[in-house]
Amino acid sequence: MTPPRPDVAALLRAGRLQRVPADSEAAVARLVVAEQHLDTARRLLDEQLDLEIAYVALYDAARKAVTAAMLAGGLRATNRTGAHEAVAIWCAESLGQRNPAARHFDALRRRRNRSEYDDLVLSGADVSVDLADAAAIVAAATAAVRAA
């Protein structure tokens, strides 16, 4: 049986997330990069170019936006194994209330990992569906940064 996933409080206790000074300026800068990555993913998808790179770009857009929202709230993932998973857990708990797509961040992470390490071949449909979720995650993160 798979053990239950930790929540944000458990990640803080375990040292997988840590409190840092909130930095809205750095958060906004990360959001700008996230939007650029979304644009790159859209262009690659529209032209049916490198779909694997399009996927990496959409995933990185979502990840950078989520870490921006975390930073605006005074949190960051530590440099340990499972850092991206910790970001996914925070995303689902914190941004999932703003936008249900935020609960899909971990699925994006897993698919990106399978394409990277298990030779999963991504289709244009895969990229298109997940690009919509990534854009919604970026929007939810942007709203959280503005509210912080």
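The values are calculated or read from the model by the stated rules, or taken from the named source; none is laboratory data. Note that the coordinates shown come from a computational prediction; the quantities given were computed from them, not determined experimentally. Virtual Cβ from ideal backbone geometry, glycine too; neighbours counted across all protein chains shown. Heads up: the accessible areas ignore ligands, DNA and RNA and are worked out on the full protein's heavy atoms, side chains in. Shrake-Rupley method; radii C 1.70, N 1.55, O 1.52, S 1.80 Å.
Numerical summary
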{"item": "Selection count where residues are open to solvent by less than 60 Å² (accessible area, probe 1.4 Å) and more than 15 Å from the chain's Cα centre (by Cα), scope segment 24-38", "result": "2"}
{"item": "Selection from segment 48-66 of residues that are open to solvent by 10 Å² or more (accessible area, probe 1.4 Å), within 18 Å of residue 17 (Cα to Cα) and out of contact with any Lys or Arg (no Cβ under 6 Å at 6 or more places or on another chain)", "result": "63"}
{"item": "Any chance residue 42 is closer than 20 Å to residue 88 by Cα and surrounded by 17 or more Cβ atoms within 10 Å (Cβ to Cβ)", "result": "no"}
{"item": "First in segment 28-50 and assigned to a loop (DSSP other than H, G, I, E, B), second anywhere and open to solvent by less than 80 Å² (accessible area, probe 1.4 Å) and modelled with pLDDT of 95 or more, Cβ under 6 Å, 6 or more apart", "result": "50/44"}
{"item": "Yes/no for residue 80 being touching a residue at least 60 places away in the same chain (Cβ under 8 Å), open to solvent by 20 Å² or more (accessible area, probe 1.4 Å), not in a helix (DSSP H, G or I) and not acidic (Asp, Glu)", "result": "yes"}
{"item": "Candidates 123, 115, filtered to the one that is more than 30 Å from residue 13 (Cβ to Cβ), hydroxyl-bearing (Ser, Thr, Tyr) and exposed (fewer than 14 other Cβ atoms within 10 Å of the Cβ)", "result": "123"}
